Amino acid sequence: MSNSDKAIRTTYFSILTNFLLALVKWLAGYFGHSHALIADAIESTADIFSSFLVLLGLKYSKRPADQTHPYGHGRIEPLITFIVVIFLIVSAFIIAKESIHNIQTPHEAPKSWTLYVLGAIIIWKEISFRVIMRRSKKLNSTSLKADAWHHRSDAITSVAAFIGISVALIFGEGYESADDWAALLASGLIIYNCYGIFRPALAEIMDENRYEELEEEVRQHSLNVPGVALIEKCYIRKIGMLFQIDLHAVVNPNLSVREGHAIAHDLKDYLIANLDNIGNVFVHIEPFEEN
């Protein structure tokens, strides 16, 4: 199974999880008189649509390189991540708006049983975050990482709701709006987390140099190829789940063009075989010159 197929399977898990939890939150929030749970349900509903976007993006990124897209279709991943971030921000503002309205409107205190619902949701959402985040790191998927952070944001919202409802129940009359204040706080935390999702995707679009460890691995492995004296330059960009590498390999200046060409091919094949998630390697041969 390819990395893309593994990522798509993970996204199906995310969609199913978000759908079931959103349904539970809507029902528990409505019957349990918890505005924080309803705000939480809004965030989970937005998660469903964002997970669908991630799924569509991953399926599109699977398309092979063609004449129009010689580097493949992987750039769709950070673009989808930007849209997911927008969904998160919109959800946060909706939660904040509803929370402010509910703070200003007297209402019944939430039911105590909603805490059990929230406790189960928090545990499940944190597990979902860790599973999807681990898979996103393994597959080098930016959009899957954004989807994982959706689950973490959902868990944060649920923790805030849990605290707010607990305060409302413990202190009683006059503290009915505690869960609304908790939801308002959660909206701020969601917006804060958006930067952590947005920044790596922006770096990917801008071909920012963020892969020092991989560069060091490439330089070390390259010296194992016969004929390669050293690596002068090494540029790495990430397109989708794969890395594209541009190398300047220094070789004996007395070699023929044919011999230098053979070394370049050997170097490319060796790096792709011995390093994970390498899409292609472009090798430029440089003659060795003594100072």
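The values are calculated or read from the model by the stated rules, or taken from the named source; none is laboratory data. Just so it is clear, the structure is predicted and the values come from calculations on it, not from any experiment. Cβ sites come from the backbone with ideal geometry, for glycine too, and all protein chains shown count toward neighbours. The area values use the complete protein model at the heavy-atom level, side chains included, leaving out ligands, DNA and RNA. Shrake-Rupley method; radii C 1.70, N 1.55, O 1.52, S 1.80 Å.
Taking region 151-176 as the region of interest, how many residues are under 16 Å from T114 (Cα atoms), polar (S, T, N, Q) and surrounded by 23 or more Cβ atoms within 10 Å (Cβ to Cβ)? Residues meeting the conditions: 2. Looking at region 264-286, is at least one residue open to solvent by 50 Å² or more (accessible area, probe 1.4 Å), touching a Pro at 6+ places or on another chain (Cβ under 8 Å) and either modelled with pLDDT of 90 or more or more than 26 Å from Y71 (Cα to Cα) (or both)? Checked against the condition, which is being open to solvent by 50 Å² or more (accessible area, probe 1.4 Å), touching a Pro at 6+ places or on another chain (Cβ under 8 Å) and either modelled with pLDDT of 90 or more or more than 26 Å from Y71 (Cα to Cα) (or both), region 264-286 yields at least one hit. Scanning region 15-33 for residues that are buried (at least 18 other Cβ atoms within 10 Å of the Cβ) and hydroxyl-bearing (S, T, Y) gives a single hit, T17.
Filtering region 97-121 to residues that are open to solvent by less than 70 Å² (accessible area, probe 1.4 Å), in a helix (DSSP H, G or I) and more than 17 Å from W26 (Cα to Cα) leaves only I103.
Annotation: of all residues in region 34-73 being open to solvent by 10 Å² or more (accessible area, probe 1.4 Å) and within 16 Å of A160 (Cα to Cα), the one that is farthest from the chain's Cα centre (by Cα) is H35.
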